[in-house]
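Every number here is computed from the coordinates shown, using simple stated rules; none is lab data. What you are looking at is a predicted structure, and each value in this text was computed from that prediction instead of being measured. Please note: Cβ atoms are built from the backbone with ideal geometry, for glycine as well, and neighbour counts cover all protein chains shown.
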Amino acid sequence: MVVPPEDPDQECTAKQSPPSASAKLGVRALVVEIEKELPWIKTNAYMKMLKRRLYRKPHVYLHFLEILQEVQKQRRERPYDPIDYAGVMKRAKKLLQGDPNLMPSIDIFLPPGC
């Protein structure tokens with residue numbers, strides 16, 4: 001912490017100390033936490049955009065939610081069975097075929113490497 005000198009003519013000799021190791025760890029922990037939350041933030045933003053785009057087609061939006069719920073149900077009930085992500089994408093593409101701008105962002109629902 002820098003303390004100003006009492007005499008304004010006197011030069012301040014105190015130096016600011018470098019960030020402590022605990023402060024550096026705090027920043028790293030924050031970055032790690034943000035990286036963990038990023039997929040959730042992207043997913044939430046995509047779903048809001050999808051809902052806005054499909055406001056005149058609520059049945060399409062609800063069907064998309066059903067597809068996502070089926071995948072989540074399979075993950076919960078049969079965690080060791082492989083999920084047919086290609087089939088899920090095919091169904092989603094067919095459902096959203098009227099708006100190709102929605103498709104590039106749909107990969108946020110897929111695990112890395114799919």
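Take LYS48, project a point 7 Å from its Cα along the Cβ direction, then tell me which residues of the range 66-107 have their backbone nitrogen under 20 Å from it. Only 101-107 pass the distance filter. For the pair LYS93 and LEU62, label points projected 7 Å from Cα toward Cβ lie 2.7 nm apart.
Site pair ILE41 and ARG78 shows an inter-label distance of 3.6 nm when each label is modelled 7 Å from Cα along Cα→Cβ.
Put simply, the range 21-109 fits an ellipsoid with semi-axes of 31, 19, 11 Å; these come from the alpha carbon gyration tensor as the roots of five times its eigenvalues, largest first.
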